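These notes are about the structure you will find just below.
The values are calculated or read from the model by the stated rules, or taken from the named source; none is laboratory data. Quick caveat, the model's predicted, so the values are computed rather than measured. A quick note on method: Cβ atoms are made from the backbone with ideal geometry, for glycine too, and the neighbour counts reach across all protein chains shown. Keep in mind that these areas ignore ligands, DNA and RNA; they rest on the heavy atoms of the full protein, side chains included. Shrake-Rupley method; radii C 1.70, N 1.55, O 1.52, S 1.80 Å.
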Amino acid sequence: MSAVFDCSDPDEREAGIRAAVGAVRAGRLIVMPTDTVYGLGCDAFDSEAVASLLAAKGRGRDMPVPVLVGSWHTVDGLVRSVSPQARELVQAFWPGGLSLVVEQAPSLAWDLGDTSGSVMIRMPLHPVAIELLREIGPMAVSSANISGHPPAVQVHQAREQLQEKVSVYLDGGPADHAVASTIVDLTGSDPRILREGAITAQDIAEVLDVDADELRGRP
């Protein structure tokens, strides 16, 4: 049976983090608050748990799961190389609503779906998420909803959709922004915005000293 923990209460938060850590290490799914929308997560290095995550959402391997990290330094061990552009964006917008698609380190023993050698990484700006990620390490985390349904911005919305497929629900209150992260692809010769969300194209363009329309793929 699923357990729900109110993270606004210090004692429940501590118990919830402890329960979530135990669930993830046992290969089960949890729901966690982030600064954008609620996330459905598991251990990024547990391929069976990742498969369960995709099945819970009703998604195929053609839509690989992003990875959340709890610190800037974690990225160095996950990617083939951290480009100057990636470092500039990390320093400007992490933790926060920016996801980066980068080439993953070839030595990584994980299976996030059909990634074609890339991985999408983000560091969320939420104290509960950061505490959990620093305890567990990188987590495979997707929006806490069934594919095609609205993303959950409150924990009860996630529970209504995912029910007993999730072992632990961490209730961090309503999502601060309720807007999905902006996704920037850094795997090509030029950075490209795949989805504009919490961080504007103009803000990214100013950091990278490029034109916002070029980031959007417009001439």
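Given the options V79, V65, V75, V69, name the one that is in contact with a Cys (Cβ under 9 Å, 6 or more places away or on another chain), touching a residue at least 12 places away in the same chain (Cβ under 8 Å), surrounded by 18 or more Cβ atoms within 10 Å (Cβ to Cβ) and more than 20 Å from E164 (Cα to Cα).
Of V79, V65, V75, V69, the one residue that is in contact with a Cys (Cβ under 9 Å, 6 or more places away or on another chain), touching a residue at least 12 places away in the same chain (Cβ under 8 Å), surrounded by 18 or more Cβ atoms within 10 Å (Cβ to Cβ) and more than 20 Å from E164 (Cα to Cα) is V65.
Check off (1) in contact with a helix residue (DSSP H, G or I) (Cβ under 7 Å, 6 or more places away or on another chain); (2) over 30 Å from D209 (Cβ atoms) for V69 and give me the number that stays unchecked.
Every listed condition holds for V69 apart from (2).
Identify the single condition in (1) open to solvent by less than 40 Å² (accessible area, probe 1.4 Å); (2) assigned to a helix (DSSP H, G or I) that W110 does not satisfy, given that it satisfies every other one.
It fails just one condition, (2).
If you check every pair at least six apart or on different chains, which have Cβ atoms under 7 Å apart with a residue in the range 193-219 that is among the basic types (K, R) first and a residue that is surrounded by 13 or more Cβ atoms within 10 Å (Cβ to Cβ) and part of a strand (DSSP E or B) second?
R195/T182; R195/I183; R216/I193
For residues that are in a loop (DSSP other than H, G, I, E, B) and open to solvent by 10 Å² or more (accessible area, probe 1.4 Å), tally how many sit in the range 82-97.
Total satisfying the criteria: 4.
Against the condition surrounded by fewer than 19 Cβ atoms within 10 Å (Cβ to Cβ), of a type outside the set (V, I, T), part of a helix (DSSP H, G or I) and over 16 Å from the mean Cα position of the chain (by Cα), how does D190 come out, does it pass?
Working: surrounded by fewer than 19 Cβ atoms within 10 Å (Cβ to Cβ): yes; of a type outside the set (V, I, T): yes; part of a helix (DSSP H, G or I): no; over 16 Å from the mean Cα position of the chain (by Cα): yes.
Criteria not met by D190.
For the range 13-70, which residues satisfy the criterion of being charged (D, E, K, R), assigned to a helix (DSSP H, G or I) and under 22 Å from S118 (Cα atoms)?
E48, K57
Just to verify a result, which residue in the range 1-40, among those that are over 17 Å from Q154 (Cβ atoms), within 19 Å of the chain's Cα centre (by Cα) and in contact (Cβ under 8 Å) with a residue 60 or more places away in the chain, is most open to solvent (accessible area, probe 1.4 Å)?
R25
Identify the single condition in (1) touching a helix residue (DSSP H, G or I) at 6+ places or on another chain (Cβ under 7 Å); (2) in a loop (DSSP other than H, G, I, E, B); (3) open to solvent by less than 80 Å² (accessible area, probe 1.4 Å); (4) not hydrophobic (A, V, I, L, M, F, W, C) that Y169 does not satisfy, given that it satisfies every other one.
(2)
What are the residues in the range 199-215 that are buried (at least 20 other Cβ atoms within 10 Å of the Cβ) and part of a loop (DSSP other than H, G, I, E, B), if any?
I199
Just to be sure before I move on: is R159 basic (K, R), within 15 Å of the chain's Cα centre (by Cα) and within 22 Å of L53 (Cα to Cα) in the structure I sent? First the steps, then the outcome.
Values: basic (K, R): yes; within 15 Å of the chain's Cα centre (by Cα): no; within 22 Å of L53 (Cα to Cα): yes.
No.
Using the structure shown, decide if S143 is hydroxyl-bearing (S, T, Y) and either open to solvent by 20 Å² or more (accessible area, probe 1.4 Å) or more than 17 Å from P66 (Cα to Cα) (or both).
yes
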